[in-house]
Amino acid sequence: MESQIIRPGHLTAHQTARVLGTGLDAVRQLVRRGQLTRSGGTDRQPWYAAADVAALAAKRRARVTA
């Protein structure tokens, strides 16, 4: 279940997975590898900074097109 109240400029884990085109497990792996950091929420419902997610998505797109 997604959080109903989230700070502006942040995304839930589900939203992050959608933006990156991955699943929740892949988002967890990105956090474990240090490629993405949590910026709020709780352990069960983490939030990620929208700017960080957008930068990671752009980096992944650039790698695919290169």
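The phi-based Karplus calculation (6.51 cos²θ - 1.76 cosθ + 1.60; θ = phi - 60°) puts the 3J(HN,Hα) values of segment 46-54 at x, 10, 10, 5, 4, 5, 5, 5, 5 Hz, whole numbers, x for Gly and Pro.
Given the alpha-carbon gyration tensor of segment 14-66, what are the semi-axes of its equivalent ellipsoid in whole angstrom, ordered largest first, with each equal to the square root of 5 times an eigenvalue?
Working: eigenvalues 74, 23, 20 Å².
Gyration-tensor ellipsoid for segment 14-66: 19, 11, 10 Å.
For the chain, the list of trypsin sites (Lys or Arg not before Pro) that fall in a loop by DSSP and count at most 15 other C-beta atoms within 10 angstrom reads 33, 44.
On the protein heavy atoms, probe 1.4 angstrom, tell me the percent of accessible surface of the chain carried by carbon and sulfur. Could you put the intermediate results ahead of the total?
Values: 2490 of 4650 Å².
The nonpolar share, carbon plus sulfur, comes to 54 percent.
Taking amide H as placed 1.01 Å from N in the peptide plane, residue 41 has its amide H under 5 Å from the amide H of 47, each at least 5 places away in sequence or on another chain. If the chain linking residue 29 and residue 6 were pulled fully straight, counting 0.36 nm for each residue of separation and taking away their Cα-Cα distance, it would gain 6.0 nm. Solvent exposure of segment 4-66, expressed per residue, is 69 Å² of accessible area, with all protein chains present and a 1.4 angstrom probe.
The values are calculated or read from the model by the stated rules, or taken from the named source; none is laboratory data. As the structure is a prediction and not an experimental result, all values here were calculated from the model. Cβ coordinates were reconstructed from backbone atoms using ideal geometry, including for glycine residues, and neighbour counts include every protein chain displayed. We work out accessible area using only protein heavy atoms, side chains counted, and drop any ligands, DNA or RNA first. Shrake-Rupley method; radii C 1.70, N 1.55, O 1.52, S 1.80 Å.
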